[in-house]
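Heads up: the structure comes next, in structure tokens.
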Amino acid sequence: MTPPVVLTVAGSDSSGAAGLQADLATFCALGVHGMCAVTVVTAQSSTGVARVEPVAADVVTAQLDAAHDGRPAAVKTGLLWSRAILDAVASGLAPIGCPLVVDPVLVDSNGEAFVEPSVLDAYLTRLLPLATVATPNLPEVAALLDTPLATVDDVVGHADEISRLAPLVAVTGGRLGRDTAVDVLVGDGDVELVERPRVHTQNVRGSGCTFSAALTAHLARGAPPNEAVRLAGDFAHGAVARGSRWRLGDGRGPVAHVR
Ligand code: PXL
């Protein structure tokens, strides 16, 4: 018996909320075996990021090489941090023979810039061209397009430019200026809005990583991209709802992957 296997290329969040910790918890909850290639080690808490220490690019490459043995059925990228790491990941994944989810982590959970400016350019020229699905949130898609975007209407209005980023782009909600949480799916010449009730909580750290990890897991299980996006949205929404009453740390808490 072989379980579906997935790989996440992501940073470690010492607080256990986001990054590869969220990815592996999500993989476990969805019954796929998760491998990882660690890109950076962060020291952070519920109140902010204290330190980011990148892993040497050749060590990232070695982890990607080692992952071939597991024959992943889908791969995701999360925080890549530096141009050197992004280049190593793009080169390592260029011959990829399975779906790739690119979660362009450009800002941290508090909305602060998380990467060097040259990384933006490398996303556009090197990594997004390999993607099956891209999952930027609103500030990230605004940064990638170099355009201020604040609302669902702004996102829909820029659907043509967004559709050039990847075959399917899911701009994730929560910050799109409505009472509901709205994901905007752009692909196949189509724009679709997926609305879910907004959960009133500040415990949303890791929700974006959880969404892209769940998407990767569902792709590995054979769901078509549009369906995988919808299932992943349901899973991430459930994780936010489950963790909404948690009290953990002095700041913003994590989502809950399992009960
Ligand atoms: O949520 C994006 C993210 C991804 N990866 C790591 C993070 C965060 C947010 O804080 O710490 C390691």
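Checked against the criteria, GLY70 does not count as on the phi > 0 side of the Ramachandran plot and surrounded by fewer than 16 Cβ atoms within 10 Å (Cβ to Cβ).
For the structure I just gave you, tell me whether GLY34 is in contact with a Leu (Cβ under 7 Å, 6 or more places away or on another chain), near the ligand (Cβ under 9 Å from one of its atoms) and of a type outside the set (Phe, Trp, Tyr). So GLY34 does not fit the description; no. Listed by position, the strands (runs of 3 or more DSSP E) enclosed by the stretch 150-237 include none that has at least 3 residues that are in contact with a Ser or Thr (Cβ under 6 Å, 6 or more places away or on another chain) and surrounded by fewer than 16 Cβ atoms within 10 Å (Cβ to Cβ). Which of the residues that make up the stretch 36-54 are crowded, with 16+ Cβ neighbours inside 10 Å, over 22 Å from ALA84 (Cα atoms) and not small (Gly, Ala, Ser)? Listed by number, the list holds a single entry, GLN44. Residues that are among the β-branched types (Val, Ile, Thr) and surrounded by fewer than 23 Cβ atoms within 10 Å (Cβ to Cβ) were ranked within the stretch 84-118; the one that is nearest to the ligand (Cβ to nearest atom) is VAL107. For the stretch 9-31, which positions are more than 10 Å from the ligand (Cβ to nearest atom) and crowded, with 21+ Cβ neighbours inside 10 Å? Once the filter is applied, which keeps residues that are more than 10 Å from the ligand (Cβ to nearest atom) and crowded, with 21+ Cβ neighbours inside 10 Å, the stretch 9-31 yields VAL9, ALA25, THR26, PHE27, LEU30. THR77 meets the stated requirement of being modelled with pLDDT of 95 or more, polar (S, T, N, Q), within 12 Å of the ligand (Cβ to nearest atom) and within 17 Å of CYS209 (Cβ to Cβ). Residues that are touching a residue at least 60 places away in the same chain (Cβ under 8 Å), within 19 Å of the chain's Cα centre (by Cα) and within 11 Å of the ligand (Cβ to nearest atom): does the stretch 54-73 have at least one? No. Within the stretch 119-137, restricting attention to residues that are within 16 Å of the ligand (Cβ to nearest atom) and of a type in the set (Ser, Thr, Tyr), the residue that is surrounded by the most Cβ atoms within 10 Å (Cβ to Cβ) is THR135. Reported count of residues in the stretch 96-136, each being within 20 Å of ALA220 (Cβ to Cβ), touching a helix residue (DSSP H, G or I) at 6+ places or on another chain (Cβ under 7 Å) and part of a loop (DSSP other than H, G, I, E, B), is 5. Scanning the stretch 72-102 for residues that are among the charged types (D, E, K, R) and in contact with a strand residue (DSSP E or B) (Cβ under 6 Å, 6 or more places away or on another chain) turns up just one, LYS76.
The values are calculated or read from the model by the stated rules, or taken from the named source; none is laboratory data. What you see is a predicted model, and the numbers here were worked out from it, not measured in a lab. Here Cβ is always computed from backbone atoms with ideal geometry, including for glycine, and neighbour counts include all displayed protein chains.
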